[in-house]
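Structure first, then comments.
The values are calculated or read from the model by the stated rules, or taken from the named source; none is laboratory data. As the structure is a prediction and not an experimental result, all values here were calculated from the model. Reconstructed Cβ throughout: ideal geometry from the backbone, glycine too, with neighbour counts over all protein chains shown. To get the accessible areas, we keep the full protein, side chains included, count just its heavy atoms, and leave off ligands, DNA and RNA. Shrake-Rupley method; radii C 1.70, N 1.55, O 1.52, S 1.80 Å.
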Amino acid sequence: MSDDGLVLLQLHEPGETPVPHQDEAGLAVGIDLGTTNSVVAFSFDTEVEVLKDENGKALIPSVVHYKDDGSVVVGREAREAILESPDQVVSSIKRLMGRGLEDVKSLAGTLPYDVEVPPEGGMVRLRVAGRTLTPVAISAHILMAIKDRAEQAMLGKAVTRAVITVPAYFDDAARTATKDAARLADIEVLRLVNEPTAAALAYGLDNSVEGLYAVYDLGGGTFDISILKMEKGVFQVKATGGDAVLGGDDIDHAVAEYFLAQRQAGAAITAGEVKQALMTARVAKECLTGRQSGEWMIELDGTASRHSLTRDELEKLAAPFVERTIEICRGVVEDAGIDVSDIQGVVLVGGSTRMPLVRKRVAEFFGREPLSDINPDEVVAVGAALQAEALTRGSDTLLLDVTPLSLGIETMGGIVEKVIPRNTPIPVAMAQEFTTYQDGQSAMSIHVVQGEREMVDQCRSLARFVLRGIPPMAAGAARIRVTFQVDADGLLTVSAQEMTTGIEQHVAVKPSYGLSDDEMANMLRDSLVHAKDDMAQRLLTESVVEARRSVLAVKSALGVDSDLLSDDERQAIDAAIEAVETACAGTDRDAVNAAVETLEDSTKGFAEKRMDRGIRQALAGVSVERLDDALGGE
Amino acid sequence: MTASIATAAASVVPCWSCKGPVATRALFCSVCGAVQGPGTIDHFSRLGLQPTFDIDLDLLEKQYFGFQRRLHPDRFAAKSAKERALSQSQATALNEAYETLKDPLKRAAYVLDLKGHKVDLTACGTINDPVLLMEQMEKREAIAEADTVDTITKLSAEADTEVIACQCHISAAINAGAFEEAVHLTIRLKYLAKLAEEARTKKTRMTRAMR
Ligand SMILES: [Zn+2]
């Protein structure tokens, strides 16, 4: 046991320990799964390549065409089919990830497709071309197309893992839905990273930006604003905010409505017309980025109409949405406990930040010209790719993110008691104690919500948990400690324990808008991909990783303490190690696990002798590691 | 002799990975390199800081970043499930320590808790101290009645000054070992901070309305 700091450096200096068997696991990419467009990128030695199709296009329209013959087409081709077969094409599905009936009501009229909610509640379903699909399944189709694109661009190498970005303001249900979609598409999610944080990583990695930065991210369907402290490879989110249903799509809708009102006052508007008007509106909005005015045609069912629009008119239509983003910025600056003038720079992200009005208002609010050196459509994917490389090959950068929304539980009278406030650094765990209110009560129901309002019905329902198996006690005697844990992906898990008996409670989770485990299992079964084989493969991989860790641990122990062993003991251990290594080379998971167990058994005596020696040395005053002071300052 | 054996035994625990001895508070096993659990140490020790109310916030941040760089789950994404879980617990414990020590109010309550004096910061509403109650009511009224930007700006500045003054008093009381008084002052700080917050919010609102 030598100098602690030194040992640490040897073993854990990032980048020095290459992750073994990298190739077996497949390549890891960064995916920006956007409302309107998606982008995929790959990083090697922090050189990022945005992966393009054969025509050199980076953007993959997040549009899916479900054809009559049962085939599924994603991207540009699907987008072109919107006009011919509007009822077979789905776009902007990201807006429905993890959404339920109430959300759909509030979006009513802005959704270009038929939506239904299952009688038992939960996540909405879409009726498309005679099929009933969940937003998760539709997103999975987009992700599969992205995976194909990446594998083609990487010359046929398997792409199996990814960092996928989500809006910072995405709630737990939408994050879970995104992870589920990746699972259906046979992609292992290394991490869900918030879009503004990924963009900051893309800007900040070369250390050219330091200090407090704001990332303003206006996409097709979501708006995020994050304030980060960036220095020496650390990206610390101070505060984040946004609106999960505010984006460029809203501006398109406003323009489309303007066109439709001109086209035929009073007459019924068909679904086809709405889609055509939306496409025209999008084109008009994009054209007016570079021009002052223009004229566009909407032609459907033999009726053609001409529509002119000036930039001034467009900006009048867009202004309410842009102003809302500025209001949100104001709130987040306050949350961060800083003054606007403390912010050293503003980064623009998302295609909608190309609008001159957006740039003008952002510059006015922050009092400085925003940065957009990196293509705002690609910057998030670039950051995601950098993080994918950091997670698989090691890196010295550190992303410290926060919870975007407060997490609370329902108490008496429908009032929310906050358990984890918004802008708390993740991962985080907080515990709350509950008691029973009836003699002998054996179960208790807990309702978890997310949001800032005081009343439950104004927040978003995340899940209902039922705690069962509470030991029979008098009312108020049981003490049930419920722990809410948010991991580095921003996902919530709950565990519970009865404190007077120490009995771990069973927590039955019913996600309010997610898919139940059964649904997910069904979808995996009849999906899309060979999920079953895939699951077995994943379990095998996990066992092999674990087995290799065990072998390395035993070998390290032999390196320092082998003098404690007789020749026979040593031989037994060596044989057990070899057996594990042989099993790892095969494909039988049970054999791997059994070999590891044998290894553990054969090293029991060795471990005891090592512990004895350690205690004897401690007694003799040989210093055991004190890492507390050795670590912090670098 | 038996006592020292117990102490020695308590300073060493088996590493979950290689099963050999590892210091109770070690972050990594010095033999096999495996990350260890966060254990139950106080927030100051966790961040390698002296247990005092008067901490250097830049140093706090530096220590926090330094530990997170090594323990954050992003460092363990390609490791075994057990190591990923331990890293998550470590990072969670670091975040809790950082959030507690960063905030003067939470830090004061925490330092006093370590000294065996509980301050209940969650108890809200009723103020037991009549002097504090009176003072708070008057100030709250003044903020509510402020009708010009100048008045609210002045009140906000005053409130901020009082917060800082109270923090100085807490520091002095703790250093003098006057823990009862420090508890009292910490409760006062809680209400002063709330007032300062109210004044700031109103100031922002009124300044914005002016534009
Ligand atoms: Zn070890």
- Links that overshoot a 19 Å alpha carbon limit, given the list A:LYS238/B:LYS154; A:LYS94/A:LYS229; B:LYS106/B:LYS139; A:LYS57/A:LYS147; B:LYS102/B:LYS194; A:LYS238/B:LYS82: A:LYS238/B:LYS154; A:LYS94/A:LYS229; B:LYS106/B:LYS139; A:LYS238/B:LYS82
- Item | Cα centroid separation, the range A:209-241 to the range A:428-470 (Å) | 32
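Quick check: net charge around A:GLU410, other residues with Cβ under 13 Å of its Cβ, Lys/Arg +1 and Asp/Glu -1? It would help to have the intermediate numbers written out before the result.
Numbers: positive: A:LYS418, A:ARG453, A:ARG460, A:ARG464; negative: A:GLU417, A:GLU454, A:ASP457.
Spelling it out: positives minus negatives among the neighbours equals +1.
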- Within straight-line cross-link reach of B:LYS62, aspartates and glutamates at Cα separation under 12 Å, skipping those fewer than 8 residues along the same chain: A:GLU231, A:GLU634
- Taking Cα atoms, the helix A:271-287 axis meets the longest principal axis of chain A at an angle in degrees (rounded to 10) of 80
- Taking N as its residue count, the alpha carbon Rg of chain B over 2.2 N^0.38 Å: 1.35
- Counting DSSP beta bridges with both partners in the protein assembly as shown, what percentage is antiparallel, nearest 5? 80
- Going by the alpha-carbon gyration tensor, a ≥ b ≥ c the square roots of its eigenvalues, is the range A:396-456 rounded (a/c under 1.5) or, if a/c is not under 1.5, prolate (a/b greater than b/c) versus oblate? oblate
- Query: Considering the protein assembly as shown, what Rg and Dmax in Å follow from its alpha-carbon atoms?
  - Reply: 29.3, 100
- Item | Whole-angstrom gap from the range A:359-420 to the range A:130-158, using each part's C-alpha centre | 25
- Report the local net charge at A:LYS147: Lys and Arg +1, Asp and Glu -1, summed over other residues whose C-beta lies under 12 Å from its C-beta. -1
- Determine the gain in length on full extension of the stretch A:GLU597-A:ALA474; use 0.36 nm per residue of separation and subtract their C-alpha separation, reporting nm with one decimal. 39.8 nm
- Item | Whether the range A:141-245 is rounded, prolate or oblate, judged on the alpha carbon gyration tensor where a/c under 1.5 counts as rounded | oblate
- Where in the range A:207-263 are there GluC sites (Glu not before Pro) that are in a DSSP coil and have at most 16 other Cβ atoms within 10 angstrom of their Cβ? A:GLU210
- Query: Where does helix A:379-393 land angle-wise versus the long Cα axis of chain A, in degrees 0 to 90, nearest 10?
  - Reply: 10
- Calculate what fraction, in whole %, of the accessible area of the protein assembly as shown sits on carbon and sulfur atoms when a 1.4 Å probe is rolled over the protein chains. 52
- Query: Mind checking Rg over Rh on the range A:248-318, alpha carbons, Kirkwood formula for Rh?
  - Reply: 0.94
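Is the C-alpha gyration tensor of the range A:49-102 telling us rounded, prolate or oblate? Criteria: a/c under 1.5 is rounded; beyond that, a/b larger than b/c is prolate, otherwise oblate. Please list the in-between numbers first.
On the way: a/c = 2.46, a/b = 1.28, b/c = 1.93.
Since a/c reaches 1.5 but b/c is at least a/b, the shape of the range A:49-102 is classed as oblate.
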- On the first, second and third principal axes, largest extent first, how far apart are the outermost C-alpha atoms of the range B:12-102 in Å? 40, 28, 17
- Message: Sort B:THR100, A:THR160 by heavy-atom solvent-accessible area, probe 1.4 angstrom, most to least.
- Response: A:THR160, B:THR100
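Would you please name the trypsin sites (Lys or Arg not before Pro) within the range A:255-336 that are DSSP coil residues with at most 13 other C-beta atoms within 10 Å of their C-beta? Write down the numbers at each step before the final one.
On the way: sites: A:ARG263, A:LYS275, A:ARG282, A:LYS285, A:ARG291, A:ARG306, A:ARG311, A:LYS316, A:ARG324, A:ARG330; in loops: A:ARG291.
Here the sparse-neighbourhood loop sites are A:ARG291.
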- Query: Relative to the first principal axis of the alpha-carbon coordinates of chain A, what is the inclination of helix A:172-184, with its axis defined by its Cα atoms, in degrees from 0 to 90 and to the nearest 10?
  - Reply: 80
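So which GluC sites (Glu not before Pro) in the range A:40-110 end up in coil per DSSP with only 14 or fewer other C-beta atoms within 10 Å? Show your work: numbers first, answer last.
Details: sites: A:GLU47, A:GLU49, A:GLU54, A:GLU77, A:GLU80, A:GLU84, A:GLU102; in loops: A:GLU54, A:GLU84.
Answer in residue order: A:GLU54, A:GLU84.
Can you give the local net charge around A:VAL189? Use residues other than it whose beta-carbon is closer than 9 angstrom to its beta-carbon, Lys and Arg +1, Asp and Glu -1.
Working: positive: A:ARG161, A:LYS179, A:ARG183, A:ARG191; negative: A:GLU188, A:ASP489.
Taking every Cβ under 9 Å from that of A:VAL189, the sum is +2.
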- Query: In nm, what is the difference between 0.36 nm times the number of residues separating A:ALA575 and A:GLU327 and their Cα-Cα distance?
  - Reply: 82.5 nm
